[in-house]
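Below is one structure; the comments refer to it alone.
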Amino acid sequence: MQLIFFVCDKNGWSMNFRDDEGTVLGKFTEAKFFNEQFAPYENPTFNLFTAVFLVTLLPAAIIGAMKVLFSKKQTNHHAG
């Protein structure tokens, strides 16, 4: 998804959303955080979606990597 965002952002393409002004999505995309502090893309909607992906997917990836790391360590320890 990030690759699609990157290509769209560099080419000036944007998602065809309804007018976000006054909605919850619009308030988040207009927030200073998504326009100045966390702004890997020029499009604030892409920044918002990227932040949501980070919050939801990164912890699961870290937990999965830790499980694999510790299971391999235990397997090697018992092997001999």
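Taking first residues from the stretch 27-40 that are over 10 Å from ALA51 (Cβ atoms) and partners that are at pLDDT below 75 and assigned to a loop (DSSP other than H, G, I, E, B), the Cβ contacts under 7 Å between residues at least 6 apart in sequence or on separate chains come to THR29/ASP20. Among helices (runs of 4 or more DSSP H) entirely within the chain, having at least 2 residues that are modelled with pLDDT of 85 or more singles out 2-11, 44-79.
The values are calculated or read from the model by the stated rules, or taken from the named source; none is laboratory data. Computed from a predicted structure; not experimentally measured. Cβ coordinates were reconstructed from backbone atoms using ideal geometry, including for glycine residues, and neighbour counts include every protein chain displayed.
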